[in-house]
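The values are calculated or read from the model by the stated rules, or taken from the named source; none is laboratory data. In this text the structure is predicted, and so the values were computed from the model without any measurement. In this analysis, Cβ positions are derived from the backbone assuming ideal geometry, glycine residues included, and neighbour counts consider all displayed protein chains.
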Amino acid sequence: MEYIPNIKNISHIDLIKKILKGDIVSLSRAITLVESKKRSDREIANKVLKECLLRKNSSIRIGITGVPGVGKSTFIESFGSYLSKTGKKIAVLAVDPSSSLTKGSILGDKTRMENLVRDKNVYIRPSPAGNHLGGVSNKTRESIILCEAAGFDIILIETVGVGQSEISVYEMVDYFLLLKLSGAGDELQGIKRGIIEMADSIIINKSDGDNIEAANLAKSEFKMALNLYPLKASKWKPKVSTCSSINSDGIKEVWTEISNYFRLTKNNGYFTKNRNDQKKHWLMQTLNTQIQTDFFDNKNLIVELENQIKLLESNQTTVLAAAELIINSSK
């Protein structure tokens, strides 16, 4: 594998060529450009993305979520290893939570997936979640496109698993997998949050040792819960199963169900419709992000923003009045 010493010395054409050949270093460089906040980096990234989007691929995107401690990283390591043995190339986009105070992120997924990280068929890219809702990096969509262009068959997106905006993950994947724990007391909370309604599959993880009986009980409870929901637009009836990521028990069955899902949705046209709907959502999200970026790049507007903040602090204006004045000053 050829090492690229300095990303600033690379033309976007060379970067594209290397990505299409499956060069991992180039893929990582491109994702770094995508995640950069520098306008010059984004301009290069957009050129790379435009070319990569033209490349047809048959990859599938799987979102994996669950509360912290449910065993997402262990599941992904076991699941990824199984897929690798079947000859699949897997990209894992693992998003780590960022501190709301320091904005820092540990990015420890590579240490938690110590066996998977050494697999030649697997690429793991940890990214900080930042302030983006839904437990995913705001550049995850672009990273997916780059990984697909590099020849990866399956893209696994691991979310932070906190908050109530997991819908952002749901809107960028083909299959949404929810990991649960037995006896965690979050069954009703999960239903209230609506995550179960989005799930295409619910996996009761850590079903081993003394926990097998409790896992089977939780499986029955979630099955009954799913009966409360109408048939999904995909015509797929979500499945509930148990799994032991440590022992790799149930991993093969998980992939069998996922394969059945894709067979169904590709035949009934839902797969294509869902991808097109996601592109529309991505467009609107990108527009909102760009508008916000352009807004705060306006120096005159920033000056007015600071003035209005001072007026707010001295109770000389209201939030609504300040917002209207700031918006009008940008016209």
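Looking at this structure, is LEU20 out of contact with any Asp or Glu (no Cβ under 6 Å at 6 or more places or on another chain), outside the structural domain of PHE296 (by TED's automatic domain parsing) and surrounded by 21 or more Cβ atoms within 10 Å (Cβ to Cβ)?
So LEU20 does not fit the description; no.
Identify, please: which residue in segment 42-93 is among the small types (Gly, Ala, Ser) and in a helix (DSSP H, G or I) and is, among those, farthest from SER28 (Cα to Cα)?
SER78
For segment 255-273, does any single residue satisfy the condition of being surrounded by 15 or more Cβ atoms within 10 Å (Cβ to Cβ), of a type in the set (Ser, Thr, Tyr) and closer than 30 Å to ASN211 by Cβ?
So far as segment 255-273 goes, yes, one or more of its residues are surrounded by 15 or more Cβ atoms within 10 Å (Cβ to Cβ), of a type in the set (Ser, Thr, Tyr) and closer than 30 Å to ASN211 by Cβ.
Is at least one residue of segment 130-142 at pLDDT below 90 and assigned to a strand (DSSP E or B)?
No, segment 130-142 contains no residue that is at pLDDT below 90 and assigned to a strand (DSSP E or B).
Report yes if some residue within segment 176-189 is in a helix (DSSP H, G or I) and within 20 Å of ILE62 (Cβ to Cβ); otherwise report no.
Checked against the condition, which is being in a helix (DSSP H, G or I) and within 20 Å of ILE62 (Cβ to Cβ), segment 176-189 yields no hits at all.
Can you name the residue in segment 11-36 that is under 19 Å from the mean Cα position of the chain (by Cα) and modelled with pLDDT under 90 and, of all such residues, is nearest to ASP153 (Cα to Cα)?
Looking at residues that are under 19 Å from the mean Cα position of the chain (by Cα) and modelled with pLDDT under 90, I get VAL34.
May I ask you to list the residues in segment 173-212 that are at pLDDT 90 or above and out of contact with any strand residue (DSSP E or B) (no Cβ under 7 Å at 6 or more places or on another chain)?
Within segment 173-212, just ILE212 meets the criteria.
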